[in-house]
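Read the structure below first, then the notes.
The values are calculated or read from the model by the stated rules, or taken from the named source; none is laboratory data. Because the structure is a prediction, the values reported are computed rather than measured. All Cβ positions, glycine included, derive from the backbone under ideal geometry; neighbour counts span all protein chains shown.
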Amino acid sequence: MKKIIANREIDVNEEGYLVEFTQWDREVCECIAGECNVVMTERHYEVVEYLQEKHKKEEPLSIRGIKKSGVVDIKEFYNLFPGGPLKISTKIAGIPKPKSCI
Amino acid sequence: MSTKVKKMLFILSKATIENAYAAFVMANGARMEGIESEIFFTFFGLEAIQKKKLEHLRVATVGNPGMHMPTMLGGLPGVEALATKMMKKEMEKLDMPPIGEFLEILSDSGCKLWACKLAVDMFHLKREDLIDELDGILTIGDFYSRADQEGCQLLFI
């Protein structure tokens, strides 16, 4: 489906996750973050870039992976993206919601 | 997507690896969905938070029909250890953390970890026998009082 994000038509799935990563940029990112009550800082972007890098390499995302990432620890991750950090951060990063139960 | 469940409270009473993981996966899964979670370790569940024992939890090969193994075979020396080793290998493939690391993840994720006072006294345990991440030792009454809002669910494992 289409959704207007940052005054543009963006393809998203029924949960609001971007379908086409090429449509992602910082403007779109900040609009989605706003909907998730997250105010983006450079720290947020560092995490978002890490997630996008993992997704590009087709490596599955998990909370354990975050612990080992060296980019952010779990406590900070929960503070940056409160209320379900992995599902919110991936939505903001413009990548699919992780399917893992861990 | 919002959920009506606000807080999940788990009571882990068993020391088998499958029960501990069931509690941990559900407690972690709750945090990942923005739901509060807490675990109360009682009776044999305390093995999962004892520094010396937590990496030695085993899968039950006797009295566990899910193993599809004759009960007598399950009781033979080494069978339980072998089954445990195989299960841990499969878990590692799925990137499931070992018990100790899982407890760290839970604690860092804001999941509260409590030991049952009665069981701690019964097994003559001291605070230092238990993991550093433990949030405290509570009575069951204290634990019930943690269900302090609407949308709390309590689960016995």
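What to note about this one:
- Qualifying residue in the range B:82-95 (condition: surrounded by 11 or more Cβ atoms within 10 Å (Cβ to Cβ), in contact with a helix residue (DSSP H, G or I) (Cβ under 8 Å, 6 or more places away or on another chain) and of a type in the set (D, E)): yes
- Any chance A:K54 is surrounded by 15 or more Cβ atoms within 10 Å (Cβ to Cβ), more than 10 Å from every other protein chain (Cβ to nearest Cβ) and at pLDDT below 95: yes
- Within the range A:26-49, the residues that satisfy the criterion of being surrounded by 12 or more Cβ atoms within 10 Å (Cβ to Cβ) and either part of a loop (DSSP other than H, G, I, E, B) or β-branched (V, I, T) (or both) are A:V28, A:I32, A:C36, A:V38, A:M40, A:V47, A:V48.
- Options B:G136, B:G151, B:G110; residue that is within 14 Å of chain A (Cβ to nearest Cβ) and surrounded by fewer than 19 Cβ atoms within 10 Å (Cβ to Cβ): B:G110
The rows are residues; the columns are (1) modelled with pLDDT of 90 or more; (2) under 15 Å from the mean Cα position of the chain (by Cα); (3) in a loop (DSSP other than H, G, I, E, B).
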site	(1), (2), (3)
A:L61	yes, yes, yes
A:K67	yes, no, no
A:K75	yes, no, no
A:Y78	yes, yes, no
A:P82	yes, yes, yes
A:I88	yes, yes, no
A:I95	yes, yes, yes
A:K99	no, yes, yes
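- Residue in the range B:56-75 that is closer than 30 Å to A:E59 by Cβ, away from every other protein chain (no Cβ under 14 Å) and surrounded by 15 or more Cβ atoms within 10 Å (Cβ to Cβ) present: yes
- Residues being more than 14 Å from chain B (Cβ to nearest Cβ), more than 22 Å from A:C101 (Cα to Cα) and under 13 Å from the mean Cα position of the chain (by Cα) - total across the range A:7-38: 11
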